[in-house]
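Working notes for the structure below.
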Amino acid sequence: MATFTSSAPTQRPLTSQEYRYRQAETGELVGQAIFTALVVVLFFELGVVLFKVLGPLIQSSPRFWGSDLKVDETLTRALANALTLLAPFAAYVTCGARLRELAAFDRRRAVRVALAATIIVYVLVTMGQYVFQVGPFAEKPSLEMSFRQTDEGVLVTGVVPGGTADRAGIKAGDLIVAIGRAPTTADELKEKIALAKFESKIGLRVSRDGQEELMPVEVVPVMEIGLAPLVGGLILALILAVIALFWPGGLTPYVLMVVIMIPLLVGYLWLIVATFSYRTEGLLPVDASGNFGGFTLRNWEFLTRPGTSSYPSIWRITLNTLVIASLMAIIVLTVSSMAGYALSRMNFPGRRAFLSLTLILHGFPAVTLLIAIFFILRNIGKVPVLGDYFGFNTRGGIALVMVAFEMPLGVWLMKGFFDNIPWDMERSALIDGASRWRTFWEILLPQIRPGILALGTFAFISGWGAYLIPQTYSVGTRTATLAVYITQLTGDTAPVNWNEVAAVGLYQMIPVFIIFIFAQEYLLNIYAGGTKGTS
Amino acid sequence: MKIVLENLTKKFGTVVGVDDISLTIEDGEFVAFLGPSGCGKTTTLLMIAGIYRPTAGIIRFDDRVINQVPPRDRNIGMVFQSYALYPHMTVFGNIAYPLKLKKVPKEEQAERVREVAAKMGIANLLDRRPAQLSGGQQQRVALGRALVKQPDVLLFDEPLSNLDARLRLSMRGEIRHLQKELGITAVYVTHDQVEAMTMADRIAVMNLGKLQAFDTPDDLYDRPKTLFIAGFVGNPPMNFLEVEVQREGDTFYAVNSALRVPVPAERGEAAARHGGQVIMGIRPEDITISETGTVRGEVFVVEPLGRDDLLDVHLDAANRLSVLADPAVHLRAGDTVTLALDTRKVQFFDPQTELSLLWR
């Protein structure tokens, strides 16, 4: 980016925008920046007024919310306060942001203009704050006396003549030993004052010449301002304006994204840290005495623990889960792709009814059907051969039940994908000489590949993480899945090692995580295949 | 291959898509199905292709009834408006697919695909996928796929609608040329009458599921048998005026509140024989703006078409004419013009039956 100076004019022709800026007087530019900043402030203040007006309205209107309306009141007040607090900063940022176009080709001038505008806006804002007694000019509760901590107690170092402390009879040199009956320190007293309501009284137990006396002092509102916050505020304002001037705009979405992601990332980080430590304090692993450290592989010992009759090995459990999830994915894919094709392409009696019915099933809570399904599974179990694989307490049976709950989604999803393939594609294949089955297999299925991969992944993951149905229909440990295994770890009878639970959870998450890395393209990129040869 | 349709009817539930159509397409003939959208022309085509089964009637290829024959056994090639290329296959795969289904040996497949591709001018694109091709190229691939199995019948379902105007023009000629060269019977569905007029040997005009006419382009234009055909064929469309034809000596005059023009004796006589009010049709190109004209009117709208201006001229409240005028004259709305009507090709229709009084 070239910088221009008046002595060395550039060879490059000016854009109309540059020309406009070059023609503009500095005063004019400053004025524009200030105006925009003030408009922004005005919007913020409008918000404040709105919340202040809206607050009482919300609190007064709906009776059925009951008497406890504090939440709404604090909410509106908090929003109003936040807006009041943010308004000046928004103004300073605006001062800078308004001049970004200028900064693109004349940095020095942009900085000069931005700083000038910011200083003026700062003065205006500060004046406004003084008039409305907000921000640094807000009234704070005070006892109108100064004090400091000494070995004997809190020593009063001075009182404002005629102030509230003076009126209560406190003199410089008095020693405050307690508030009411509670012994106190200077810090505690300061906090107590800061939190006190105006016109309430704080009872100070004062020791003077060896005599203790309780002196109630009224808390009064006092405007206390030092030079420091004002100067600090100005410097902060100038820095904000310059940052806004040169902030790379492309970064904004990333910054927002990272900020929003932080809670999620912290959650995962915590989970990982927890599995490798005895216990954690916040995110920090600590040892028995509470110091940093205490790393251990103890939580991961479940991987090598051999299976017993009551406590199966993790590998057996993993195999169970894998079998159930894969079985589920395969059945869901096969059935719903064919059903979706039929529903999309063929007209048969009851088609609409079937579609609505599956939709209802999709919304049906699985819990309500548990008992009925139990009887069905038990009866399937009595059928020779079939019962051994799909009856009660078999992996096939569990997969079958979960398939039933997954199917409505799958059928609708597949139908949607088939609906997006133009009829002409199929007609073309039929005329080219393909049978109906071959058309389905060779022409249509390849075109809904993303849908198939998405549904397959989806079914596999939901089978992998399923809890309710495996827990209900697997008795003992022969058919337990990972989710069931985790429940066994959190039994009521023994103390729970939550860090081990976290480790098994993490172990269970690994395959899902890997699948997501590879399949996210298909899960996200659901495309409508090929009328005009799109692929 | 000769195609015969006999009383062909297709109903979708209670909706009649195609209503009792009978026609014969001769071997090697290029026939266009022309009509507004929803008139049943694509439905008819899909019945010929075997995708739809007729509700009633018979379809014959030569002498063989093929109502129950599945599409793959009819040996037809079809080109769709959307091209319907298989997006997951290469151009080679697309063109070879019909051969693969016929279990043609691999070497022969490759040879025939290359042959067709060379003919279509897409030999250098065989490794591409449809998405990597332009609209015109996709069109050629679709045509190649239809031709590669050496079909007896070629079916086109508005194949040029998705192309831009220039490409459409050149493809028109190419398709026509190919069809003649190979001598394959072709059925071409379109709603674009220029396409139908320029390409087809005969045009089947359809409306509301019914066959309105089945004639050569010239006959349709010069000897329209119904009011619908007269109004549908030709652009800008024919003007219609309600007139009474009167005889004075040997001369016949078409008369109404706005005009009185002489008409040729043999045409005027047929109209006069019908008596009373008839509908007179006259094409815009048969009307000229002239000092010596006998009909006066006011220019209402001017639509510049480039080579001509299309004028909407109001003669009076009930009578209006579309007229082509030289743009150099710079006529504007509100101008008064005198028109000369060349009535040599004038048409007369019965206002009730909407049938021509001149042609049966």
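Derivation of every value follows stated rules applied to the coordinates shown; laboratory data play no part. As the structure is a computational prediction, the values presented were derived from the model and not from experiment. Virtual Cβ from ideal backbone geometry, glycine too; neighbours counted across all protein chains shown.
A straight Cα-to-Cα reach below 19 Å connects B:Lys106 with the aspartates and glutamates A:Asp432, A:Glu442, B:Glu115, B:Asp127, residues fewer than 8 places away in its own chain not being considered. Using the average count of surrounding beta-carbon atoms within 10 Å as a protection proxy, the listed peptides A:430-440, B:172-182, B:154-164 rank, highest first, as B:154-164, A:430-440, B:172-182. Summing charges over all other residues whose Cβ lies under 14 Å from the Cβ of B:Glu108, with Lys and Arg as +1 and Asp and Glu as -1, gives +4. Counting other Cβ atoms within 10 Å as a rough exposure proxy, the listed residues A:Ile376, A:Ile360 run A:Ile360, A:Ile376 from fewest neighbours to most. Estimated purely from DSSP H runs of n ≥ 4, each contributing -39500 (n - 2.57), the mean residue ellipticity at 222 nm for chain A is -19500 deg cm²/dmol once divided by its residues. All other residues with a Cβ under 11 Å from the Cβ of A:Arg205 taken together, and with Lys, Arg as +1 and Asp, Glu as -1, what is their net charge? Combined, the nearby Lys, Arg, Asp and Glu give -1. Working note: Cα gyration tensor of the stretch A:229-307, eigenvalues times five, square-rooted, sorted largest first, giving semi-axes of 44, 19, 7 Å. Cross-link partners of B:Lys100 among lysines, defined as those whose alpha carbon lies under 18 angstrom from its own and excluding same-chain residues fewer than eight positions apart: B:Lys149. Once the Cβ-Cβ distance of A:Ala366 and A:Asp388 is raised to the sixth power relative to R0 = 30 Å, the FRET efficiency obtained is 0.75. Is the shape of chain A rounded, prolate or oblate, going by the alpha carbon gyration tensor and its root eigenvalues a ≥ b ≥ c, with a/c under 1.5 for rounded and a/b larger than b/c for prolate? It is oblate, given that a/c is not under 1.5 and a/b is not larger than b/c. Stokes-Einstein diffusion of the stretch B:3-231 at 37 °C, 0.692 mPa s viscosity, Kirkwood radius from Cα pairs, rounded to a whole number: 181 µm²/s.
The residues neighbouring B:Tyr97, those whose beta-carbon lies less than 9 Å from its own, together hold a net charge of 0 under the Lys/Arg +1, Asp/Glu -1 convention.
Entry note, chain B: the mean residue ellipticity at 222 nm calculated from DSSP H runs of n ≥ 4, each adding -39500 (n - 2.57), is -8000 deg cm²/dmol after division by the residues and rounding to the nearest 500. Expressed as a fraction of 2.2 N^0.38 Å, the C-alpha radius of gyration for the protein assembly as shown is 1.52. When the protein assembly as shown is described by a simple charge dipole with +1 on each Lys and Arg Cβ and -1 on each Asp and Glu Cβ, the residue from A:Phe132, A:Pro450, A:Tyr19 located farthest towards its positive end is A:Pro450. Each Cα pair under 8 Å and six or more residues apart adds its sequence gap; the mean of these over the residue count of chain B is a relative contact order of 15 percent. Counting Cβ atoms of other protein chains within 10 Å of each residue's Cβ and taking the mean over peptide A:418-429 gives 5. The mean number of partner chain beta-carbon atoms within 10 angstrom of a residue's beta-carbon across peptide B:87-99 is 3.
Cα-Cα over 21 Å: which of B:Lys103/B:Lys180; B:Lys119/B:Lys180; A:Lys140/A:Lys201; B:Lys10/B:Lys41? With Cα atoms farther than 21 Å apart: B:Lys103/B:Lys180.
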